[in-house]
């Protein structure tokens, strides 16, 4: 006989402070949540620190979880909040960047995903200036509106929209560069073979 | 600002590519995370140990205090005996220069009303006593075991005669009524069975049959229920300044002492345990043993059952019992490697309760088989039949302190595990139920030693607390990389009944 450990069982086990369940909770969500934290962090080390703090908060606030809705979604929300908190602690200056014009004829998603890995896309987000990165993540991944983002980060709604637009422009530029490099490498390989 | 279609495309591109992506944290992260859990576990474990230590020390202190009290009481009585012996010597000396008769003693003997057996009737003893009707010393010296003369200090209220059952205090003792009394610390029990015998709880008590009082008490001396069986004639109280009768009366009806028809007793108990399995690795490498010491943590350990006792003497009892013992623990994340069997790969997880064979790991490929990570909860239970010898080294009417030692035959009842496992090459995980472990002996033997305190309630019932230590003589596992000798520190509480 075998059975899946349900979220409810996992939560109950952790509430009872059973170490095996606590470890299982780490094991089940650490990989997914590290990706969330990586999107917001400067580097892997910072992301793992945020992840660690996030799990501490998860265990501390576990009694408040009402078993309504997705537990994973709840954990993810905590990780996002921790990431924002981390940003507030570490970023004192809002960066100002000059965004160069990027060609409007954006290449198709299929072309991009066939040439650029998810890991590279994640790196692109990480390389964004902190405020752009936050706004882009909150809007594109975590489904927040500009009004919510503004309230969460203490910025004007218009600033949020502007930052999102700049973030997208930067990402398009990075993608275009990556595509060019990928194409160039492809041509070099063909020439080497030919 | 409305989103352009390509804006939504880029959002979706990133979301679709990254949102379901998983990134394995570094070893540093895992170490830090598990350190936190392990530290918490270690703290919990230390708290458990401290709690057990506290209970053990308290019980040990109580036992030592009881023994100390017993010894101290014995010494006090011994001192009194010495004092009275001195008095007797003085009396003997004075009797040599005297030729008077022993009127007091004769009177006492002639008024042994206690033998009447009529408990409702006030019982009195009359002694013709005056300072001139002496010497009593001659009687005392010739029949010292029957008669002692003590004068209670007048500032001591006779209303506290209840304490005569085990009288203690400063008395003015004199060899006879003519001699000056000397302040003497007296601690003694009035005989409760027959004249000049002592209560069983006091090893060296002073036979104290007559108490001289300097002043006549204002109220009758009362004999409490604790003196039910005492021959009242020998509790005659006289005053050294008057010849009036001082009545001694019962204040409560005497309940006949229950005569136990048998020497059989039955007790039921529940014990909370701390388990410390002793591990012996059957090979040159002790890695597994070391790993298990740090990776297993106790979840629950308890024991409950009953004992039937047979008194072979007033101090020794043989006990035969039956109990159910449970030990549950969790294992830490362990990497298990595939073993190729006839029907495909399987995995062995070595635990202190035996080898857990996991028949499959979900998501693991069979060609080539891959390693996996497993954690789980393990339960090991047994039915035990202990045979014990119980020695009561301290007893009084209410309390008994004892030591117990013996052996036990233990038959395995269940050894199962719920293993949460995950292939190292796949993300899905499952809990696999392993109903029984490989290579465990069905029978093992152990020895035990303990101590306890028993408090008697009414009608043959008693409650007791008994800490004990039990360890296996034979391992529970055979033909496995590890031999496990289960060891338990139990704290049992129970209820007993003596038929």
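The values are calculated or read from the model by the stated rules, or taken from the named source; none is laboratory data. Just so you know, these numbers come straight off a predicted model, no measurement behind them. In this analysis, Cβ positions are derived from the backbone assuming ideal geometry, glycine residues included, and neighbour counts consider all displayed protein chains.
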> Quick one: would you say residue B:408 is in the same structural domain as residue B:351 (by TED's automatic domain parsing), surrounded by fewer than 14 Cβ atoms within 10 Å (Cβ to Cβ) and in a strand (DSSP E or B)?
Replying inline: no
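Yes/no matrix, rows are residues, columns are (1) assigned to a strand (DSSP E or B); (2) surrounded by fewer than 16 Cβ atoms within 10 Å (Cβ to Cβ); (3) modelled with pLDDT of 85 or more; (4) over 41 Å from the mean Cα position of the chain (by Cα):
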{"position": "B:346", "(1), (2), (3), (4)": "yes, no, no, yes"}
{"position": "B:350", "(1), (2), (3), (4)": "yes, no, no, no"}
{"position": "B:360", "(1), (2), (3), (4)": "no, no, no, yes"}
{"position": "B:364", "(1), (2), (3), (4)": "no, no, no, yes"}
{"position": "B:373", "(1), (2), (3), (4)": "yes, no, no, yes"}
{"position": "B:376", "(1), (2), (3), (4)": "yes, no, no, no"}
{"position": "B:379", "(1), (2), (3), (4)": "yes, no, yes, no"}
{"position": "B:383", "(1), (2), (3), (4)": "yes, yes, yes, no"}
{"position": "B:391", "(1), (2), (3), (4)": "yes, yes, yes, no"}
> Going through the range B:443-468 one residue at a time, which ones are crowded, with 16+ Cβ neighbours inside 10 Å and over 20 Å from residue B:396 (Cα atoms)?
Replying inline: B:444, B:446, B:448, B:450, B:467, B:468
> Here are some conditions: (1) at pLDDT below 85; (2) within 14 Å of residue B:11 (Cβ to Cβ). Residue A:168 meets all but one. Which one does it not meet?
Replying inline: (1)
> Under 7 Å by Cβ, and 6 or more places apart or on different chains, what pairs join a residue from the range A:39-56 that is free of Cβ contacts under 8 Å to residues at least 60 places away in the same chain with one that is buried (at least 16 other Cβ atoms within 10 Å of the Cβ) and part of a loop (DSSP other than H, G, I, E, B)?
Replying inline: A:47/A:41; A:48/B:25; A:50/A:41; A:51/B:25
> Quick check: is even one residue across the range A:178-187 within 14 Å of residue B:11 (Cβ to Cβ) and surrounded by 13 or more Cβ atoms within 10 Å (Cβ to Cβ)?
Replying inline: no
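For residues in the range A:25-48 being outside any helix (DSSP H, G or I) and either facing chain B (nearest Cβ under 7 Å) or closer than 19 Å to residue A:135 by Cβ (or both), which is modelled with the highest pLDDT?
A:41
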> In the range B:418-425, is there at least one residue being over 16 Å from residue B:455 (Cβ atoms) and out of contact with any strand residue (DSSP E or B) (no Cβ under 8 Å at 6 or more places or on another chain)?
Replying inline: yes
>> Step by step: first the residues of the range A:135-176, then only those that are assigned to a loop (DSSP other than H, G, I, E, B), under 18 Å from the mean Cα position of the chain (by Cα) and without any contact (Cβ under 8 Å) to a residue 40 or more places away in the chain, then the one that is nearest to the other protein chains (Cβ to nearest Cβ). Which residue is that?
In response: A:143
> Can you pull out the residues in the range B:16-48 that are modelled with pLDDT of 80 or more, over 18 Å from residue A:47 (Cβ atoms) and either facing chain A (nearest Cβ under 7 Å) or within 43 Å of the chain's Cα centre (by Cα) (or both)?
Replying inline: B:47
> Can you find even one residue in the range B:414-427 that is within 31 Å of the chain's Cα centre (by Cα) and touching a residue at least 12 places away in the same chain (Cβ under 8 Å)?
Replying inline: yes
> When you go through A:96, A:107, A:11 one by one, which is the residue that is within 14 Å of chain B (Cβ to nearest Cβ) and either surrounded by 14 or more Cβ atoms within 10 Å (Cβ to Cβ) or modelled with pLDDT under 90 (or both)?
Replying inline: A:107
>> With the structure loaded, tell me whether residue B:335 is in a strand (DSSP E or B) and modelled with pLDDT of 80 or more or whether it fails that test.
In response: no
> Hey, among the residues in the range B:310-337 that are crowded, with 20+ Cβ neighbours inside 10 Å and more than 14 Å from every other protein chain (Cβ to nearest Cβ), which one's farthest from the chain's Cα centre (by Cα)?
Replying inline: B:336
